[in-house]
């Protein structure tokens, strides 16, 4: 008994003050890739280097539209190795409530050799409802605002049921950490619960496999309304490397309505906290 | 190429005993010998190698070579630990008679592997005691995904609702407890059906492959470089070990090796992966017997390792660090200092944590004699990795088939014979200290130079076996290369696939409430099994 107390006292408080303070990630951590859109010479090497098609381009009539889709990104940094116009930042707070907010698209006029002549349009800043307050732009965004009201109902205390619908367990390694002393999800009044009947939020990892599709749907059906679904990781957000194949249905939103997408492979605990708090509209504003 | 001197006696013996019945012998590498033999020889070859050379059948798989060779090929990979080499029998199966004999009655460990071949290649199993579906669940249509004429992106009809029929267990007072695939904790999906009489478990049936996501098929559609990223997603907690086993196979196919510094850094990363997983498991075992304080300390320590991983490689789970020919990021002096400080600070913390656990009589009481895997059973099932070593089955590729930098460091392989949950916990503890020692030795003799050998072209039509001792046990990747830096086949063998039957044995006679801690003490990967 004394030993237990002595060890606890010796360890002290190790809990992060996130989200009041920025995520404590190493300067070397690979987070969101940043493309110097205006000075980007050629999208092709980066697109070829990308394992998941997070960077793709369409060429037509001497013009190219290039897309960066964070939902597919593994944060592996291979594009940054292939292309000096791309830099890996250590930004991990990438979650968004609207799937298309994770995609940046830019078009270019092309030179005859296929490199970029000039940028046609500046990229629209990707952002979520929380990050860009103002008038909702679309029906989809409006639906999200209504969802946010539901989130307010849940806001004070939230119960989460986690479902691995086919993940490699990398996401689980980090989700387990949320219950530990460093991230301590319970300080927000948020708990992981054993049954979907007790849950307000479904935290789903993995590309949804054919063998898990029914179990996932049944778990969702067992939850009382209002309920939230958060898709975790590149696989959950987009199908990741697996995409849709004979054994998988791809992204979680192919099976269930998704409220928040948390990119990453896997998202680190700060990214997970960010996404969960975004879903219940409890992110504080940091200067 | 010449056979490894240690392997010569077994090689000469196999040639003599099977003289006239082998159609060809290939030795692409000194420690990797292929015997081409007819399918009728499978059982005899297996029995002889096992009895005479104590060989272990570590992987059984098929390859659709109909376009190149007009047949399916079956491969039986034997590890001859004492001789540091692998014998691989290749047998052809004609498309006109798509069937093959089962070895499951003799070698229980190949049960699922054989059924997987039946599911994914449509080769019918002969003489298997329970030849039902396994990788593709009961509602799947008649498709054979790993045949070359099946397209990866085929869209299949949705779930039809045919239920899996479990074996019936009957008797007075016997009832069934179904659990999963969605579990109470944050773990992967699988279904467990307990048959119990009162509290003790009489029989446990496992149903897995819920996370089957077409990984092996996917490898055939990716450039090899992208395959490394896919290998990281076979089992996330062993991302680096799996990716390194994959790279090892490719390097062997290309006939090149990682440079010394690359191999040294691989060793460091493998041990860091072992450290964070062992710490995590020790904590989780304590949680499952309600000693949550210990888990909080363990999670705190695991977090330190993950953050150092991030400082070293940019990824908390060492993702993106593996690459063909070595590793991607070199560590500078500052990073190496961070690593040294980690080891220095973890050592006393681990002492304190283990003291906390072992002096808690309530915890010990729950762990001792619980989930007993008898050494004979571990031997019969060929249980690998730490679970095998906790039941006296002493195999470790780091020592027996030294890869990476393991031939340059001194370490012991902790072995226990008790076979209970506590033994598996203690093996983890002992391995943590060995990992500290290995990392410090690597740091003390860290070679200078590049961390990566550039390999631009991978020659086609080569087969190679890559292997790594991951924290859970031995990982094998077997590849057949294709033109244009692609793969015709990649077979993945995760230690979990080998070890699941051990869980069914270890739980017998235990009470259902002890299942979580017994399961956690093995901590097998569902994704690694299902792929």
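What follows is calculated from the coordinates using simple rules that are stated; it is not laboratory data. These figures come from a predicted structure and were not determined experimentally. Quick reminder, even Gly has a Cβ in these numbers, built from the backbone with ideal geometry, and neighbours come from all protein chains shown.
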Computed E for residue B:369/residue A:20 - FRET, C-beta separation, R0 56 angstrom, nearest 0.05: 0.70
Whether region A:162-237 is rounded, prolate or oblate, judged on the alpha carbon gyration tensor where a/c under 1.5 counts as rounded: oblate
Residue B:336/residue A:10 FRET efficiency (R0 45 Å; Cβ-Cβ; nearest 0.05): 0.95
Among beta bridges that DSSP assigns inside the protein assembly as shown, antiparallel share in %, nearest 5: 75 percent
Mean separation of Cα contacts under 8 Å (6+ apart) over length of chain B, as relative contact order %: 16 percent
Region B:170-186-region A:16-50 distance, computed between alpha-carbon centres (Å): 46 Å
Gyration tensor verdict on region B:198-303 (Cα atoms; rounded if a/c is under 1.5, prolate if a/b is larger than b/c, oblate otherwise): oblate
Percent RCO, i.e. relative contact order, over region B:1-150, from Cα pairs under 8 Å lying at least 6 residues apart: 18 percent
Approximate spin-label separation residue B:408-residue A:187, in nm, with each point projected 7 Å along Cα-to-Cβ: 4.2 nm
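Find the Cα radius of gyration of chain B, compare it with 2.2 N^0.38 Å by division, and give the number to two decimals.
So the Cα radius of gyration is 0.95 times the expected 2.2 N^0.38 Å.
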Rough spin-label spacing in nm, given labels placed 7 Å along Cα→Cβ, for residue B:36 and residue A:198: 6.1 nm
Cα-based radius of gyration of region B:5-126 once divided by 2.2 N^0.38 Å, which approximates compact folds: 1.02
Set of region A:85-111 residues, backbone N closer than 12 Å to the point 7 Å along the Cα-Cβ line of residue A:65: A:104-108
Difference of contour (0.36 nm per residue) and Cα-Cα distance, residue B:132 to residue B:347: 72.5 nm
Beta bridges per DSSP with both ends in region A:139-279, % antiparallel, nearest 5: 15 percent
Alpha carbon centroid spacing (whole Å) that separates region B:13-87 from region B:409-453: 32 Å
Sum of -39500 (n - 2.57) over DSSP H runs of 4+, divided by residues of the protein assembly as shown (222 nm, nearest 500): -10500 deg cm²/dmol
Inter-label distance for residue B:142 and residue B:50, nm, one decimal - labels placed 7 Å from Cα along Cα-to-Cβ: 3.3 nm
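By how many nm would the segment from residue B:27 to residue B:358 lengthen if fully extended, with 0.36 nm per residue of separation less the alpha-carbon distance?
114.1 nm
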Exposure proxy ranking, count of Cβ atoms within 10 Å, fewest first, for A:91, B:234: A:91, B:234
Relative contact order of chain A, pairs being alpha-carbon contacts under 8 Å that are 6 or more residues apart, as %: 20 percent
Per-residue Cβ neighbour rank within 10 angstrom, fewest leading, A:72, B:16: B:16, A:72
Cα-based shape type of region B:404-531, given that a ≥ b ≥ c are square roots of the gyration tensor eigenvalues and the cut on a/c is 1.5: oblate
Pairs of alpha carbons in region A:159-287 whose separation is greater than 18 Å (percent): 48 percent
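Could you calculate the contour length gain from residue B:94 to residue B:108, that is, 0.36 nm times the residue separation minus the distance between their Cα atoms, to one decimal place in nm? Could you put the intermediate results ahead of the total?
Working: separation 14, 0.36 × 14 = 5.04 nm, distance 2.56 nm.
Full extension from residue B:94 to residue B:108 adds 2.5 nm.
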